[in-house]
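Read the structure below first, then the notes.
The values are calculated or read from the model by the stated rules, or taken from the named source; none is laboratory data. Fair warning: this is a prediction, and the values are worked out from it, not measured in the lab. Here the Cβ positions follow ideal geometry from the backbone for every residue, glycine too, while neighbour counts run over all protein chains shown.
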Amino acid sequence: MSAEASRVLEATTDLGASLGLHRWATIASAAVASGLLVALAFGAPSAPWRRWVASYVASLEAQQRWMHSAPNGAYLLRVQCVVGTGLVVAYTLSLIDVGELAFACALVALAPKVLLSLQTAKRRSILEQQSHGFGAALGNCLRSASNVGEALKYSVEVTPSPLRDEVLLALRHIQLGSTVEDSLLALSARAQSPSLDAVISALLIGRQTGGDLPRILETTAASLRELKRLEELTDKTLRDSKQGFALAVFMVVAMAIVLPKFVPEVFEPLRTTAKGQALVAQMVLMFAVAVVLAYRFTRKSV
């Protein structure tokens with residue numbers, strides 16, 4: 001081996017050793033900095049990081065309580081911190097690049113909130129679908145029950161979850177001394193379902209005015225069922241319309257890109273002549289008007 005090759009090999013070895021030492025020094029510095037940040041965050045009650053952590057954990061646990069699941073916001077935050085630290089270590093060891101690190105960190109930071117938001121939206125949709133059935137069941141139970149509280153107990157047996165969980169919680173409130181009106185109003189506020197609000201409002205108003213509660217609830221349930229059918233029909237029609245509009249836009253763009261390749265001078269009169277430019281301006285204006293009208297027509301209100 002020549003002297004020059006020996007020097008290159010020694011330089012490469014020294015460089016690798018220095019890079020390895022640099023990586024471990026970076027990991028140690030990151031660990032010390034993380035420990036100091038944790039100490040500062042949790043050491044002083046008025047620390048800004050501690051307030052942010054408490055607010056973040058409280059928001060996660062509020063969504064979990066709304067879904068009647070065990071709150072574990074602090075555990076989710078610890079998992080995020082551990083995974084984030086692992087990603088930083090992986091980047092320090094050159095296992096991932098900076099783009100992958102940024103994407104993975106953003107994914108870890110947003111995952112709990114996004115997943116909980118999707119679960120709450122799904123639960124609220126199910127509550128909407130179960131509301132008219134609950135109204136019909138409650139109306140039938142009122143025909144044989146002596147009061148609303150007893151009818152709620154009977155209706156629980158034929159009500160599926162998650163609405164069943166909300167009704168059971170309202171019954172527990174009644175057993176602890178709350179009035180039927182307060183328990184039903186709390187149920188409506190927790191569920192955040194317009195259809196369930198309509199059922200509870202009809203029940204409370206009919207109870208205060210002395211109307212025929214079974215008939216009122218059955219009429220309300222039938223109206224909600226018909227409204228749900230119309231909403232599904234409207235959604236299907238709007239979905240088909242949006243698909244047709246997207247297909248039309250795609251065809252126009254495709255023709256504008258593909259046609260000049262087969263007929264190179266097909267759009268030349270539109271660009272060079274005054275009449276062609278005026279025609280292009282009219283087409284652009286009409287297309288913009290069509291887009292605005294399509295947007296207005298596809299904004300449903302059922």
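If the condition is being surrounded by 15 or more Cβ atoms within 10 Å (Cβ to Cβ) and touching a residue at least 24 places away in the same chain (Cβ under 8 Å), then region 92-123 contributes 92, 108, 112, 116, 119, 120, 123.
Scanning region 205-222 for residues being on the phi < 0 side of the Ramachandran plot, out of contact with any helix residue (DSSP H, G or I) (no Cβ under 6 Å at 6 or more places or on another chain) and free of Cβ contacts under 8 Å to residues at least 60 places away in the same chain gives a total of 7. If you go through region 270-279 and keep only what is at pLDDT 80 or above and out of contact with any Lys or Arg (no Cβ under 8 Å at 6 or more places or on another chain), you end up with 272, 273, 274, 275, 276, 278, 279.
Identify all residues within region 220-238 that are among the polar types (S, T, N, Q) and either modelled with pLDDT under 85 or within 23 Å of the chain's Cα centre (by Cα) (or both); write none if there are none. Selection gives 234, 237. Checking residue 245 against (1) surrounded by 14 or more Cβ atoms within 10 Å (Cβ to Cβ); (2) not assigned by TED's automatic domain parsing to the domain that holds residue 293, which test does it fail? Residue 245 satisfies all of (1) surrounded by 14 or more Cβ atoms within 10 Å (Cβ to Cβ); (2) not assigned by TED's automatic domain parsing to the domain that holds residue 293 except (2). Would a scan of region 251-258 turn up a residue that is surrounded by 14 or more Cβ atoms within 10 Å (Cβ to Cβ) and either free of Cβ contacts under 8 Å to residues at least 24 places away in the same chain or assigned by TED's automatic domain parsing to the domain that holds residue 163 (or both)? Looking for residues that are surrounded by 14 or more Cβ atoms within 10 Å (Cβ to Cβ) and either free of Cβ contacts under 8 Å to residues at least 24 places away in the same chain or assigned by TED's automatic domain parsing to the domain that holds residue 163 (or both), one finds none in region 251-258, hence no. Cβ-Cβ contacts under 7 Å between residues 6 or more apart (or on different chains), taken from a first residue in region 132-155 that is on the phi < 0 side of the Ramachandran plot and part of a helix (DSSP H, G or I) to a second residue that is charged (D, E, K, R) and surrounded by 18 or more Cβ atoms within 10 Å (Cβ to Cβ), are listed as 136/218; 139/218. If you go through region 156-180 and keep only what is more than 33 Å from the chain's Cα centre (by Cα), assigned to a loop (DSSP other than H, G, I, E, B) and not β-branched (Val, Ile, Thr), you end up with 176, 177, 178.
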